[in-house]
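What follows is a set of notes on a single structure, which appears directly below.
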Amino acid sequence: MKQQNEENVTEMIARGMEIAVEKCLLDKIVKGQTVVYAHDDGSVYTMSAKDALNHFLTEAAANVQYAE
């Protein structure tokens, strides 16, 4: 039972983080801002918040399908 409860809490935290990222990107879209990311090698790049949100939602959908 304890393990199931811990899994539920972990899932709720992960979902909360996803919601926070989505809201942040939506806010940046409204403001016309860009988003800064870094490649695995540490080099920095930017993209529009709209592109970042599209990428985020695509990755989220792929993760949901993978989990099922």
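A few remarks follow.
- In the chain, the longest principal axis of the Cα atoms and the axis of helix 49-67 are about 30 degrees apart.
- Calculated [222 nm] ellipticity per residue, helices only, for the chain: -25500 deg cm²/dmol; basis is -39500 (n - 2.57) per DSSP H run with n ≥ 4, divided by all residues, nearest 500.
- Folded to 0 to 90 degrees: helix 2-31 orientation relative to the chain principal axis, Cα: 20 degrees
- Solvent-accessible surface of the chain, averaged per residue with a 1.4 angstrom probe and all protein chains in place: 84 square angstrom.
- Accessible-area composition of the range 13-68, carbon plus sulfur, in percent [1.4 Å probe]: 58 percent
- Percent RCO, i.e. relative contact order, over the chain, from Cα pairs under 8 Å lying at least 6 residues apart: 23 percent
The values are calculated or read from the model by the stated rules, or taken from the named source; none is laboratory data. All of these numbers come straight from a predicted model, not from anything done at the bench. Side chains are part of the model used for accessible areas, which takes the heavy atoms of the whole protein and leaves out ligands, DNA and RNA. Shrake-Rupley method; radii C 1.70, N 1.55, O 1.52, S 1.80 Å.
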